[in-house]
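The values are calculated or read from the model by the stated rules, or taken from the named source; none is laboratory data. All values reported here derive from a predicted model rather than from experimental measurement. Using ideal geometry, Cβ is built from the backbone for each residue, glycine included, and neighbour counts are taken over all protein chains shown. Only protein heavy atoms, including side chains, enter the accessible area calculation; ligands, DNA and RNA are left aside. Shrake-Rupley method; radii C 1.70, N 1.55, O 1.52, S 1.80 Å.
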Amino acid sequence: MKRRAFLATAGALLAVPRFALAQQGKVPRIGCLVSETLSGQASRIEALRAGLRELGYVEGKNIAIEFRHADGNYDRLPGLAAELVGLRVDVLVAFGAKAVVAAKGATTRIPIVVPSTGDPVALGVVSGLSRPGGNVTGIAMFGPEISAKWLELLKEVAPRTAR
């Protein structure tokens, strides 16, 4: 499910500028900011590439992807984010909560896609879940909160289904 949601998010974000960029003859550039190692995010990165291929984008042909990774050295993230912004990427994909915060600190203009994160409001990268505003979009995962809600629902449903 995570892969499909990520692909849908990335696809929706990239589908809109595709036609405008094609008319300008410009190759779209994606900046990927990774908090940890690239190998640690390999499955997500491959999901991104697969989704792009499904949309007709071929890396090195009609799209460019720039990777920057901090290898767990989080102090490097703001500089890496600024480097990607300086490359004038069309969209930033931020892997990891600390990468999202660094990307948001580096730009308010470039769209930032977040494959999954905890609470983006608590991170300070969106103003609210119903109307996030700004340039950050993506998937928020509320593990403990959702699990608690599932248990509440199960308590209500279980007695009825046991009859």
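Values as computed for the structure displayed
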item	result
Calculated FRET value between Arg131 and Lys61, using beta carbons and R₀ = 30 Å, to 0.05	0.20
Most to least accessible of Thr117, Thr108 (protein chains only, probe 1.4 Å)	Thr108, Thr117
Extension gain (nm, one decimal) between Asp75 and Leu151, 0.36 nm per residue minus Cα-Cα	23.5 nm
